[in-house]
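A short worksheet on the structure shown next.
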Amino acid sequence: MPHRTLTPETAFKPKAQTADDSAFSFAPPVPRLTEQDQYRLLITDQAAKQALPLAHLADRLGVGRSRLHKVLRQGAALVDDLRDRLFEALGIDYVRAKFCVALLHDFTAYDDPAILLVCEAMKGFYCEVVSCRRGELHVAIRPQLIHEALGRAYEMLLAHQERVLEADRSLQD
């Protein structure tokens, strides 16, 4: 920049930043892993912690060994159905995995005890959001309605019991 165009406004004016840029980011940005890549790494990490080879995992799921290897190691598409089956086979909590991968962008946080506590606290809220996104309707029944229904059922039971006792007396006479 030539010295004649250097003014206090141009010297101290912050450059336009993108949403991903940080004011304290002096190094070139590191490319972020995609969600699928993070899920792949989480699955392979959990399988390694359980000392479960991918071949045994493939046999357990009934999936071809080469197909599972291509998906987890070579970057083939990890479809939701296979991901859910892998989670179930490895005992991976879906909500905690989603929280770590989609929100924190860090699959290594899955084993953190603090993340476990946060996810357990947020699980009800997350499941409610997911069910709303699917279009499911949930009707909350108020406790007053429950008590009213129980009261009426109890009254009907007592009335029925009294009719049975009355019919029994009439048969004995």
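Any residue that is surrounded by 15 or more Cβ atoms within 10 Å (Cβ to Cβ), among the small types (G, A, S) and under 27 Å from R32 (Cα atoms) - is there at least one of those in segment 100-115? Checked segment 100-115: at least one residue is surrounded by 15 or more Cβ atoms within 10 Å (Cβ to Cβ), among the small types (G, A, S) and under 27 Å from R32 (Cα atoms). Check segment 50-58 and report whether any residue there is modelled with pLDDT under 90 and either of a type outside the set (F, W, Y) or under 27 Å from S131 (Cα atoms) (or both). Within segment 50-58 (the criterion being modelled with pLDDT under 90 and either of a type outside the set (F, W, Y) or under 27 Å from S131 (Cα atoms) (or both)), the answer is no, since none of the residues qualifies. A search for C-beta distances below 8 Å between a residue of segment 76-94 that is over 18 Å from K49 (Cβ atoms) and any residue that is polar (S, T, N, Q) and crowded, with 17+ Cβ neighbours inside 10 Å, counting only pairs 6+ apart in sequence or on different chains, returns nothing.
Taken over segment 46-60, the criterion of being exposed (fewer than 15 other Cβ atoms within 10 Å of the Cβ) and outside any loop (DSSP other than H, G, I, E, B) is satisfied by A48, K49, A55, H56, D59, R60.
All of (1) loosely packed, with under 11 Cβ neighbours inside 10 Å; (2) under 25 Å from D106 (Cβ atoms); (3) among the small types (G, A, S) hold for G75 with one exception: (1).
The values are calculated or read from the model by the stated rules, or taken from the named source; none is laboratory data. The shown structure was predicted, so the numbers you read here are calculated from the model rather than taken from an experiment. Every residue, glycine as well, gets a Cβ built from its backbone with ideal geometry; the counts of neighbours run over all protein chains shown.
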